[in-house]
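Accompanying notes for the structure given below.
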Amino acid sequence: MDKITIIVPCYNEQEVIDMFYPAVQEHLSKIPDCKFNYIFVNDGSRDATLEKLRAISAAHDDVTYLSLSRNFGKESAMMAGIDYADGDAVIIMDADLQHPPETVAEMVKWWREGYDDVCGKRVDRAGETWLKRTCANIFYAVMKKFSTSYEMQRDVGDFRLLDRRCIEALKLMRENQRFTKGLFTWVGYHKKEIPFEVRPRAAGTTTWNFLALFNLAMKGMTSFTTAPLRLMTFLGITVSCGAMLYMLFVLAMALLYGDPVAGYPTLLTVMLFLGGTQLLALGIIGEYLGQIFHESKHRPIYLIDEIDGERMIYVPHRVPTERNTHPR
Ligand code: UDP
Ligand code: MG
């Protein structure tokens, strides 16, 4: 009998959370030889999500909930779930039922055939705006160009089944600035992409906005490749060489012909161009510096306030699998 843990990060999901368990369980109970348990991670919701989770976990033996001490973001919430999962595999699903539970059976099938990471691949981005789609295209194109050692999977999100091997590998990566999508790719192992259609949210509203996505993209870029820094070096070299040639040209013109050209427009354009490039380069360096700043503090990825009604206190320097928290 296989045991699979379903991890569900929840942030302000009071409208949908009651629907989740019955809707998913209906499909999972049909999968033979497999026992499922659920870990709901309450990511510092400000609504009644936690109360609802308490009720759900009280009503069902196979449901556990972790409640984080504040909103840490989906990436950290997923990690909390992964740390506490005890199954032979985990499946990460959104609370809003956008990830169709009927796909799980297929995921389990491929896992049993030996794949370690069975990921759901979105077949349509229909529900998304033109802007979001275009930005996603640019992001994937840039990442593909820059990251030479491994390729970022396209249109693949967090909806996936991960074997214990992947889970243990992910647990080794305790970085604070988490870009889980990249981490999944970094881990490697045998991946299988299976198509699924993203449903509209069952209820409630999405917490993602353009700024959040931009931030995520920047995080992805800076935590997985230093290529932008290299690019700036090339730009610097190119501009310097260009400037050198132009200088020679101007000098020659002045010496040979005593060229009396007024330099104002040229000077201004060159100065603005150089100023812009320098600011851009500084910005890029700043992004990386920010990453170093955050990582150097070695803060925990999340803090747990409560597990199944027990108030928790964080004990540092223990391996998370041995429960780095204990009842107060
Ligand atoms: N989520 C979370 N913490 C956050 C934001 C979102 O745990 O800070 C959860 C949310 O409850 C949902 C999942 O992450 O289960 C996906 O969020 P959402 O549906 O808002 O994003 P979208 O599906 O629009 O990308
Ligand atoms: Mg959603």
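The values are calculated or read from the model by the stated rules, or taken from the named source; none is laboratory data. Everything quoted here is computed from the prediction, not taken from an experiment. Cβ coordinates were reconstructed from backbone atoms using ideal geometry, including for glycine residues, and neighbour counts include every protein chain displayed.
Numbers at a glance
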{"item": "Residue match in the stretch 256-267 (condition: of a type in the set (Val, Ile, Thr) and under 23 Å from Thr180 (Cα atoms))", "result": "no"}
{"item": "Yes/no for Gly188 being away from ligand 2 (no atom under 16 Å from the Cβ) and under 18 Å from the mean Cα position of the chain (by Cα)", "result": "yes"}
{"item": "Output for the stretch 13-46, where each listed residue is modelled with pLDDT under 90 and among the acidic types (Asp, Glu)", "result": "Glu13, Glu15, Asp18, Glu26, Asp33"}
{"item": "Filter pass, Thr222 being of a type in the set (S, T, N, Q), within 30 Å of His99 (Cβ to Cβ) and either exposed (fewer than 11 other Cβ atoms within 10 Å of the Cβ) or within 16 Å of ligand 1 (Cβ to nearest atom) (or both)", "result": "no"}
{"item": "Meets criteria (of a type in the set (A, V, I, L, M), more than 16 Å from ligand 1 (Cβ to nearest atom) and at pLDDT below 90) for Leu97", "result": "no"}
{"item": "Among residues of the stretch 232-270, those that are of a type outside the set (S, T, N, Q), closer than 25 Å to Glu287 by Cβ and free of Cβ contacts under 8 Å to residues at least 12 places away in the same chain, counted", "result": "2"}
{"item": "Residue check for Ile313: away from ligand 1 (no atom under 16 Å from the Cβ), touching a residue at least 24 places away in the same chain (Cβ under 8 Å) and closer than 30 Å to Ile56 by Cβ", "result": "no"}
{"item": "Residues within the stretch 177-203 that are in a loop (DSSP other than H, G, I, E, B) and either surrounded by fewer than 18 Cβ atoms within 10 Å (Cβ to Cβ) or more than 16 Å from ligand 1 (Cβ to nearest atom) (or both), tallied", "result": "10"}
{"item": "Positions within the stretch 95-139 being β-branched (Val, Ile, Thr) and in contact with a Lys or Arg (Cβ under 9 Å, 6 or more places away or on another chain), in sequence order", "result": "Val118"}
{"item": "Residue, modelled with the lowest pLDDT, within the stretch 121-159, restricted to residues that are hydroxyl-bearing (Ser, Thr, Tyr) and not in a loop (DSSP other than H, G, I, E, B)", "result": "Tyr140"}
{"item": "Yes/no for Thr233 being part of a helix (DSSP H, G or I), away from ligand 2 (no atom under 16 Å from the Cβ) and surrounded by fewer than 16 Cβ atoms within 10 Å (Cβ to Cβ)", "result": "yes"}
